[in-house]
1. Counting alpha carbon pairs within less than 8 Å and at least 6 residues apart, what relative contact order, in whole percent, applies to region 378-493?
2. By the scheme Lys and Arg +1, Asp and Glu -1, what is the net charge of all other residues having a beta-carbon under 11 Å from that of E11?
3. Just going by the charge dipole of the chain, with Lys and Arg at +1 and Asp and Glu at -1 on Cβ, which of A203, H188, F289 is farthest out on the positive end?
4. As an exercise, find the ratio Rg/Rh for region 1-71 from alpha-carbon atoms, using the Kirkwood inverse-distance average for Rh.
5. Quick one: pull the percent of accessible area on the chain belonging to carbon and sulfur, 1.4 Å probe, ligands and nucleic acids left out.
6. Setting aside same-chain residues fewer than 8 positions from K430, which aspartates and glutamates have a Cα under 14 Å from its Cα?
7. P(r) tail for region 411-470, what percent of Cα pairs lie past 16 Å?
8. Taking 25 °C and 0.890 mPa s as the conditions, I'd like the Stokes-Einstein D for the chain in µm²/s, using the Kirkwood hydrodynamic radius from alpha carbon pairs.
Amino acid sequence: RIEGHLAIRIEVESQKIVKAFSAGEMFRGFETILAGRDPMDAQQITQRICGVCPVSHGIASVYAQDMAYGISPPENGRILRNLIQGANYIQDHILHFYQLSALDFIDIAAVTGYTGKDPDLNELKSWVKSEISSNALFPAAPFLPRYKANYIENSEINISAIKNYLEAFDMRRVAHKMGAVFAGKLPHAASIVPGGVTVTADARSIASYREMLIQLRKFIDNAYIPDILAVASELPEYFTTGKGCNNFLAYGAFPESSSRASDLFPQGTLINGRYEPVNKSRITEDVKFSRFSSPSGAAPFNGETIPDPEKYNAYSWIKAPRYNRNVMEVGPLARLLVAYHSRQNQHLYTIINNFLNKLNIAPERLVSVLGRHAARALECKIVADQCAKWIDQLRPDEPCFNDFKIPESGKGIGLTEACRGALGHWIKIKNYKIDKYQCVVPTTWNCSPRDDRGVPGPVEQALEGTKIQDGSNPIEAVRVVRSFDPCLACAVH
Ligand code: NFE
Ligand code: MG
């Protein structure tokens, strides 16, 4: 239940992780593929980096191109981009909690005690029963008591979450359809272009999006948020597990104006607990332990992607992005903490405070396995609620696109937030073609290997010190890694 090819190696002494190594196991080469192509290919090709967060790659690419061409979208275009990206966020967060993470906490065997009439649950119940009796579900380790001890024991919580797990498939389909109303199709959006979007908004498409959003908001309010609160109440020790580097970076996302003076999620860094605005010139990528012979420590505009599979001491195909040499965690937790500490958005500050009260924890406790899941769930609600406001701001049948000419040369930086965190695309154009394209991607930050100074990346740091009860089943390490929602397809791009 991890997207792509991730390898985690841990060294355990006296039931504690003393060293951890995170590795991307594959080279893809999108940056190389883009060189020499028409710049307008970029928002299409970069979306193919990933089937989970394609919209954010498309958005980052058109932001970079908007800057390079000196254009911006009309109001409708800006709002439609937000609505497409918002639909992708909702789909993706539901995917991560239910399909990817829930079975780390929920005991699926609890469904055997189900006595109600729900046909899906009854079908699942007979399937799980036959798997258990044939030991097929976990051939190497059938439902052993020591496994069970690690799961939630409250059967009511388990069964309700399993029911929602099944419904989550439908909800994700609804979210894809909702986004496709304005994206043309999903997961890879056809309509996102520099200057805006190629669709128009009319009364029918607005009504259609609105209707699907109602279903999704109901699911988020009645299933996702309560399930997170239930897991939190059952396994509170995960509020103190998997702390990590404790530095956070967010580029900001969902512009509320075309100048980006105010984004729904503000940009900023938190280093040693202090908020500062992002300074793009501080972003660099080290490759000492990555399988590249490119120069180390380069800023993205000077960055290169030269694969070196046999490189001595290198253990990953992921580069090591750093901010002013600092290791930075990115993602929903980073966005929430940056919003919270920057106080740029009072509305968000109040929502986060109320949520902390519901969880009955201090903001520091969010820097943990459960904190990352909770931040993701709350963010899903914030985005869905905001989509309801944006859809009302559309002006039917007004322009969604401003025309432009691709210049002979130019450069641009596109910064947004993909679900998993800060995402940047850097484009340089020469002779009307892409001269250079570099992506610095969320999971590249989070799953990065050691940097040139030997400092481990965020996931590696979060694993260090984690207690492992049973060396043959290091479920605690799995939970730490998965709380970052790694996507390796993206990380190695
Ligand atoms: Ni493949 Fe992605 C997100 C991006 S992660 S999922 O969210 O960009 O690096
Ligand atoms: Mg890159």
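1. 17
2. After counting each charged neighbour, the total is +1.
3. F289
4. 1.20
5. Here carbon and sulfur together make up 50 percent of the probe-accessible area.
6. The reachable aspartates and glutamates, counting only those whose Cα sits under 14 Å from K430, are D38, E408.
7. Of all Cα-Cα distances in region 411-470, 61 percent exceed 16 Å.
8. 106
The values are calculated or read from the model by the stated rules, or taken from the named source; none is laboratory data. What you see is a predicted model, and the numbers here were worked out from it, not measured in a lab. Heads up, the Cβs are rebuilt from the backbone with ideal geometry, glycines too, and the neighbour counts pull from every protein chain shown. In case anyone asks, the SASA skips ligands and DNA or RNA and just uses the protein heavy atoms, side chains included. Shrake-Rupley method; radii C 1.70, N 1.55, O 1.52, S 1.80 Å.
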